[in-house]
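The next block holds one structure in the form of structure tokens; read it before the comments.
The values are calculated or read from the model by the stated rules, or taken from the named source; none is laboratory data. Values in this document were obtained by computation on a predicted structure and should not be read as measured data. Positions of Cβ are generated from backbone atoms using ideal geometry, with glycine treated the same way; all protein chains shown enter the neighbour counts.
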Amino acid sequence: MRFILKTAREQEMEKAARFGFVDGVVIPRNETDRTGRHYDSLVRSSLNYPFSIIGLELRELSSERLVKEVEAYQKLDPERITALFPMTLASLAAMNHLKSSGVQLGISHAVTIVQLLAAVRAGANVLPISMRPFRNYGLDIVGTVSALQTHLRKLESDCSIWLEDAISAKEANEMAAFGADGLVFTWDMLQELLYHPATDQEIERMLTSWAREDRSERS
């Protein structure tokens with residue numbers, strides 16, 4: 001399973017790159033408004049870090065403009081750029097046009113099995129599925145992911161499933177157990193994911209044992 005950080009803060013990218021297990025970043029456009037950083041400038045900076053995935057949210061609405069937007073980003077680094085389209089008919093047309101271009105294509109905001117399979121048939125290589133609408137509308141995320149995996153096997157598709165927008169470490173771990181190919185998380189969620197009270201207790205027990213052994217040796 002791939003670990004993907006969702007952030008518009010370069011300092012978080014820099015710290016994540018040091019860990020070695022973070023495979024990529026997804027750069028959300030709405031967050032760049034808060035940081036004051038121009039989106040394209042942040043995209044270029046992200047390429048300085050050793051991530052194999054640079055996920056970019058597209059902003060155009062017509063299929064023609066979406067194609068041009070992807071082609072412009074593709075020139076930066078065609079092997080690492082993953083273009084994330086909104087779930088619209090224009091996006092599906094643009095993806096179909098680009099599916100032989102070599103760039104990774106993903107669809108966002110899809111929640112039904114029909115939407116997701118339509119995206120795969122149009123050329124999607126990546127399916128980032130947000131937990132948020134499934135929670136808000138009472139949709140069955142487990143059933144959807146399971147059915148999607150079955151259909152992908154039948155289609156002999158190597159399309160990846162990413163799950164994102166967990167609201168707790170517990171939910172994120174459940175998402176990982178679904179068999180997703182990628183887990184997308186924020187910096188705060190990353191820190192929560194790597195913490196567990198049982199781990200702290202075991203470390204404390206180990207340190208106590210070492211301290212006891214040191215006292216015994218000194219005496």
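Quick grid of which residues meet (1) under 14 Å from the mean Cα position of the chain (by Cα); (2) within 23 Å of LEU84 (Cα to Cα); (3) modelled with pLDDT of 95 or more:
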position: VAL126; (1), (2), (3): yes, yes, yes
position: ARG135; (1), (2), (3): no, yes, no
position: HIS151; (1), (2), (3): no, yes, yes
position: LEU155; (1), (2), (3): no, yes, no
position: ALA172; (1), (2), (3): yes, yes, no
position: PHE178; (1), (2), (3): no, yes, no
position: LEU190; (1), (2), (3): yes, yes, no
position: THR199; (1), (2), (3): no, no, no
position: THR208; (1), (2), (3): no, no, no
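Report, by residue number, each residue of segment 13-38 that is buried (at least 18 other Cβ atoms within 10 Å of the Cβ), at pLDDT 95 or above and in a helix (DSSP H, G or I).
Of everything in segment 13-38, those that are buried (at least 18 other Cβ atoms within 10 Å of the Cβ), at pLDDT 95 or above and in a helix (DSSP H, G or I) turn out to be MET13, ALA16.
(1) in a strand (DSSP E or B); (2) surrounded by fewer than 20 Cβ atoms within 10 Å (Cβ to Cβ): which one isn't true of ASN96, the others all being true?
(1)
Can ALA8 be described as part of a loop (DSSP other than H, G, I, E, B), surrounded by 21 or more Cβ atoms within 10 Å (Cβ to Cβ) and under 16 Å from the mean Cα position of the chain (by Cα)?
Yes.
Testing VAL43 on (1) assigned to a helix (DSSP H, G or I); (2) touching a Gly at 6+ places or on another chain (Cβ under 9 Å), one condition comes back false. Which one is that?
Of the numbered conditions (1) assigned to a helix (DSSP H, G or I); (2) touching a Gly at 6+ places or on another chain (Cβ under 9 Å), the odd one out for VAL43 is (2).
For segment 40-72, name all the residues that are closer than 19 Å to LEU5 by Cβ, touching a Leu at 6+ places or on another chain (Cβ under 8 Å) and not aliphatic (A, V, I, L, M).
Scanning segment 40-72 gives ARG44, GLY55, GLU57.
Quick one: SER101 ticks every box in (1) assigned to a strand (DSSP E or B); (2) in contact with an Asp or Glu (Cβ under 9 Å, 6 or more places away or on another chain); (3) among the hydroxyl-bearing types (Ser, Thr, Tyr) bar one, so which box is it?
With respect to (1) assigned to a strand (DSSP E or B); (2) in contact with an Asp or Glu (Cβ under 9 Å, 6 or more places away or on another chain); (3) among the hydroxyl-bearing types (Ser, Thr, Tyr), SER101 is out only on (1).
So in segment 99-118, with the set limited to residues that are of a type outside the set (A, V, I, L, M, F, W, C) and under 18 Å from ASP158 (Cβ atoms), which one is surrounded by the fewest Cβ atoms within 10 Å (Cβ to Cβ)?
Across segment 99-118, the extreme among qualifying residues is SER100.
Just checking, does segment 36-49 include any residue being touching an Asp or Glu at 6+ places or on another chain (Cβ under 8 Å), of a type in the set (Ser, Thr, Tyr) and closer than 27 Å to MET175 by Cβ?
Narrowing segment 36-49 to residues touching an Asp or Glu at 6+ places or on another chain (Cβ under 8 Å): 37, 42, 45-47, 49.
From what is left, the residues that are of a type in the set (Ser, Thr, Tyr) are 45-46, 49.
Right, trim to closer than 27 Å to MET175 by Cβ and you get 46, 49.
There is at least one residue in segment 36-49 that is touching an Asp or Glu at 6+ places or on another chain (Cβ under 8 Å), of a type in the set (Ser, Thr, Tyr) and closer than 27 Å to MET175 by Cβ.
Taking the stated definitions as given, is VAL67 more than 19 Å from the chain's Cα centre (by Cα) and modelled with pLDDT of 95 or more?
yes
Would you confirm whether any residue within segment 58-76 is of a type outside the set (Gly, Ala, Ser), closer than 22 Å to GLU164 by Cα, surrounded by 19 or more Cβ atoms within 10 Å (Cβ to Cβ) and in contact (Cβ under 8 Å) with a residue 24 or more places away in the chain?
As a first pass, look at segment 58-76 and keep what is of a type outside the set (Gly, Ala, Ser): 58-61, 64-71, 73-76.
Adding the requirement that they be closer than 22 Å to GLU164 by Cα leaves 58-59.
The next check asks that each one be surrounded by 19 or more Cβ atoms within 10 Å (Cβ to Cβ); those that pass are 58.
Cutting the leftovers down to in contact (Cβ under 8 Å) with a residue 24 or more places away in the chain gives us 58.
Yes, the conditions are met somewhere in segment 58-76.
Could you give every pair whose Cβ atoms fall below 8 Å, whose first residue belongs to segment 1-18 and is free of Cβ contacts under 8 Å to residues at least 40 places away in the same chain, and whose second residue is surrounded by 18 or more Cβ atoms within 10 Å (Cβ to Cβ) and polar (S, T, N, Q), counting only separations of at least 6 or pairs across chains?
Pairs found: ALA8/THR32; GLU10/SER46; MET13/THR7; MET13/SER46.
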